[in-house]
Amino acid sequence: MKTNVGVIDEIRQCESTARFVILTTYDADNEIYRAIKAGAKGYLLKDVRREEMLECIRKVNRGETCIPSALVQKLAASVSGEALTARELEVLTLLVRGKSNKEMASVLFISEATVKGHLRNIFKLNVLSRTEAITTALRRGLVQL
């Protein structure tokens, strides 16, 4: 099954001037970002009203961008957050895989105190717990299972 991005890329190879509106159920910030980066000029959720969809199509046809403000805010919140370092992403990946601090330290050849420091930094994602960090990481596509 091809992703929105894959389909956009394939169509762009044949028709470089094509314009794209994504109609989807996915409102995850990483999905929005990937679609826009690939060239989508419109991004709508499937529960959009018919009139809004038609107006979006018209705007994109005129060369404008059409992304609902709620989705723009969601995307802006995710990209404006501080980026994680490579080591923090490694710790986050191990956290998602259910590793304890001790296990993470062993795998990464660092101390448990250093793991705890990285976990504190991971909370830059505006999360309050390990569980919320895992959920946010998966939702944003920061780590893969």
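Tabulated data for the structure shown
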| item | result |
| --- | --- |
| Sequence-distant residues sharing a close amide H with CYS66 (under 5 Å, placed H) | GLY42, TYR43 |
| Simple Cβ-charge dipole of segment 4-80, Lys/Arg +1 and Asp/Glu -1, about Cα centre, in debye nearest 20 | 180 debye |
| Scattering curve values for segment 86-140, log₁₀ I(q)/I(0), Debye with Cα scatterers, q = 0.13, 0.26 Å⁻¹ | -0.26, -1.03 |
| Residue among THR25, THR85, THR17 with the largest mean-square fluctuation in a Gaussian network model of the chain, springs linking Cα atoms under 10 Å | THR17 |
| Taking the chain and dividing mean pair separation by its residue count, relative contact order in percent (alpha carbons under 8 Å, at least six apart) | 20 percent |
| Charged-residue dipole, Cβ positions (Lys, Arg, Asp, Glu), segment 86-140 about Cα centre, Debye nearest 20 | 120 debye |
| Among GLU31, GLU15, GLU132: highest mean-square fluctuation, GNM of the chain, C-alpha pairs under 10 Å | GLU15 |
| Selection from THR114, ALA137, GLY98, by position along the positive dipole direction of segment 86-140 (Cβ) | ALA137 |
| Residues whose placed amide H lies under 5 Å from that of LEU23, excluding near-sequence neighbours | LEU44 |
| Protection proxy ranking of 34-42, 60-68, 93-101 - average other beta-carbon atoms within 10 Å, highest first | 34-42, 93-101, 60-68 |
| Test item: Cα-centred dipole of the chain, Lys/Arg +1 and Asp/Glu -1 on Cβ, debye | 60 debye |
| Entries of LYS74/LYS102; LYS41/LYS124; LYS59/LYS124; LYS74/LYS116; LYS102/LYS124; LYS46/LYS99 with Cα pairs more than 32 Å apart | LYS74/LYS102; LYS59/LYS124; LYS46/LYS99 |
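Laboratory data are not the source of any read-out in this text; all were calculated from the coordinates shown. It should be emphasised that the depicted structure is a prediction, and the values quoted were computed from it without experimental measurement. Don't worry about glycine lacking a Cβ; one is built from the backbone with ideal geometry, like all the others, and counts go over all protein chains shown.
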